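Have a look at the structure below, then the notes.
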Amino acid sequence: MRALAFFVQEGWSSLRRNLAASLAAVTALAAVLFVLLLLLLISHNILFLAARLEARKGLSVFLDPGLPPERVEELRRHFTGFREVASLRFVSRAAALADVEADLGTSRIEEILGGNPLPDTFLIEPAPGSADAAALERLAGEIGAYDGVEDVVYGRRWVEALDQGLRVVSQANGLTAGLAILAIILVLGNTLRLLVLMREEQLGVMKVIGATDAFLRAPFITAGALLCMLAAGAALICLYAGFLATRDWLAGVRFLPVHWLAFFFLGVGFVGLAGSWLTVQATLHHLARRGDSGRA
Amino acid sequence: MIAFEHVHKSYAVRRGDWVLEDLHLTVEPGELVFILGHSGAGKSTLLKLITLEERPTRGTVEVAGFRSDRIRRGEVPQLRRRCGVVFQDFRLIRDKTISENVAYCLRMTGTLEKGVVRRAVARVLHSVGLYGLRDRFPHELSGGEQQRAAIGRALIHQPPILLADEPTGNLDTRTGDEVMEVLLRLHRAGTTILVATHDEQRAQRLATRRLTLEQGRVVEDLFLRPHGTEIY
Ligand SMILES: Nc1ncnc2c1ncn2[C@@H]1O[C@H](COP(=O)(O)OP(=O)(O)OP(=O)(O)O)[C@@H](O)[C@H]1O
Ligand SMILES: [Mg+2]
């Protein structure tokens, strides 16, 4: 523990002495990590939405705007008679808006969008035998053909669309994570090499006096880990600030949960440590080889 | 304590250009050995072989139980910690104060407790007369003061062996005497000391043994007084 404190202190003072390079490194890393966090945020929200929609099994039948009540009643009676329909509930546009507002935890949708975009809707619960995807699709097609029906959607279709989106986002995620790892290694590589070379003379002296390799390496590795943590912290603060600033417009968007953040920090910390270790190891080897191949 | 067994050392790829040739001698604990010789005679090389900063080309060096041909990589720092090294050009760490320089060397050996480090540093800096300058940086000290700081750093972990390369080379007589006084005190306390120097007069006056090198060969190995006897 005391050793850790000492190395952190040494690493920190090393960074402070090279303030410009350190700041540049933190900024570059923070930018990459910010993009990664943003994509994680998007993934998280899509996953969340998908889970909620999956729970909604039935059909939503959107009716043409301004459809006269007689026609609505006619359709309602008609559809209720279908064998595949177990129950049918009418939701007016006003009620639908209230539902959505309750879901998203806001009451300003009409104000933001300049009106209620939702149509009158029948919510249909399919009969137990007709709840599979093929039957639902057939039923949706049949109902969709009626005059006065604007569109029929069923939860699974939403889920499929979201699945598609999720796949795209998670590919972007993987790519960004890979880029982030690469960036961390490159940026740390350059910064730490600079720090090591600036201390070349001192390292030589310490080595001859009897410092172990581990003792020589540790301050640089902690410096690398510190850089990564600072960058991750900065990226997180930026993302959260952005989230707070746009919360009113992006109603319903959820921030990353704590365990995702913990995972993110652990990952960054691990890559930071590994990257630092590799660089410092390579640079010290390089110095030792250049110094004298015969030396211990 | 230190044994050279038919040690040859060459820096060149081509062997035979010996910087040190057939060095064969033993240094007992408590000796104060002055190594004399012209520039380029191999004095610094001899000291570097002791810390294994350089490896013998032929023969073996044994120091504090470690043999150059059998020592494992991980043991080299252990060997080096048995030796305090005072470099001819001080080699203090530029961006650390004098007390930080000295403390760093102690932490290196695993002593990290603040109070312990502070007390040890204070004790050593008192002993080399630099306590009042402890918060200065190396470039704010005179050559003699830097030399004493380097000695302080070499002593902080109380090594049984002290290697000093031209410790008075850059100093005037008075500051040179101050540095020598510190070495004598260590000698009286039982430390084994090897000093590489051009200073024949001091060697004659202070050493227990005087070793003269000429072009890599020992041309004279003189025991001046039994070690353990005090001089004043
Ligand atoms: N790293 C090295 N590579 C090649 N040759 C070296 C190296 N170090 C020393 N030498 C050569 O070895 C010889 C002995 O050098 P050394 O430094 O041991 O002499 P010295 O007795 O300490 O001299 P001085 O009194 O000037 O310090 C010299 O000829 C020097 O040029
Ligand atoms: Mg020399």
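The values are calculated or read from the model by the stated rules, or taken from the named source; none is laboratory data. Since the structure is predicted, the reported quantities are computational estimates derived from the model, not experimental observations. Positions of Cβ are backbone-derived with ideal geometry, glycine not excepted, and every protein chain shown enters the neighbour counts. Side chains included, ligands, DNA and RNA excluded: accessible areas come from the protein's heavy atoms. Shrake-Rupley method; radii C 1.70, N 1.55, O 1.52, S 1.80 Å.
Select from the range B:41-55 the residues that are in contact (Cβ under 8 Å) with a residue 12 or more places away in the chain and either more than 10 Å from ligand 1 (Cβ to nearest atom) or of a type outside the set (Val, Ile, Thr) (or both) and list them in ascending order.
Scanning the range B:41-55 gives B:41, B:42, B:43, B:44, B:46, B:47, B:49, B:50, B:51, B:52, B:54, B:55.
Could you list, in sequence order, the residues of the range B:150-204 that are over 19 Å from residue B:48 (Cα atoms), surrounded by fewer than 23 Cβ atoms within 10 Å (Cβ to Cβ) and among the small types (Gly, Ala, Ser)?
Scanning the range B:150-204 gives B:176, B:189, B:190, B:203.
Can you report the number of residues in the range B:102-160 which are over 19 Å from residue A:202 (Cα atoms), within 14 Å of chain A (Cβ to nearest Cβ), in a helix (DSSP H, G or I) and touching a helix residue (DSSP H, G or I) at 6+ places or on another chain (Cβ under 6 Å)?
Matching residues across the range B:102-160 total 1.
Out of the range B:121-132, which residues are among the hydroxyl-bearing types (Ser, Thr, Tyr) and either at pLDDT 95 or above or open to solvent by 50 Å² or more (accessible area, probe 1.4 Å) (or both)?
Hit for the range B:121-132 is B:131, nothing else.
Per-residue answers, yes or no, for (1) without any contact (Cβ under 8 Å) to a residue 60 or more places away in the chain; (2) assigned by TED's automatic domain parsing to the domain that holds residue B:179; (3) touching a Pro at 6+ places or on another chain (Cβ under 7 Å); (4) open to solvent by 10 Å² or more (accessible area, probe 1.4 Å):
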{"site": "B:57", "(1), (2), (3), (4)": "yes, yes, no, yes"}
{"site": "B:63", "(1), (2), (3), (4)": "no, yes, no, no"}
{"site": "B:66", "(1), (2), (3), (4)": "yes, yes, no, yes"}
{"site": "B:99", "(1), (2), (3), (4)": "yes, no, no, yes"}
{"site": "B:113", "(1), (2), (3), (4)": "yes, no, no, yes"}
{"site": "B:119", "(1), (2), (3), (4)": "yes, no, no, yes"}
{"site": "B:135", "(1), (2), (3), (4)": "yes, no, no, yes"}
{"site": "B:143", "(1), (2), (3), (4)": "yes, no, no, yes"}
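Would you please name the residue that is nearest to ligand 2 (Cβ to nearest atom), looking only at residues in the range B:34-44 that are within 12 Å of the chain's Cα centre (by Cα) and either β-branched (Val, Ile, Thr) or under 15 Å from residue B:203 (Cβ atoms) (or both)?
Across the range B:34-44, the extreme among qualifying residues is B:43.
Given the criterion touching a residue at least 40 places away in the same chain (Cβ under 8 Å), touching a Ser or Thr at 6+ places or on another chain (Cβ under 9 Å) and within 8 Å of chain A (Cβ to nearest Cβ), identify the matching residue among B:81, B:91.
B:81
In the list B:159, B:167, which residue meets the criterion of being in contact with a strand residue (DSSP E or B) (Cβ under 6 Å, 6 or more places away or on another chain) and more than 16 Å from ligand 2 (Cβ to nearest atom)?
None of the other options fit; the residue is B:159.
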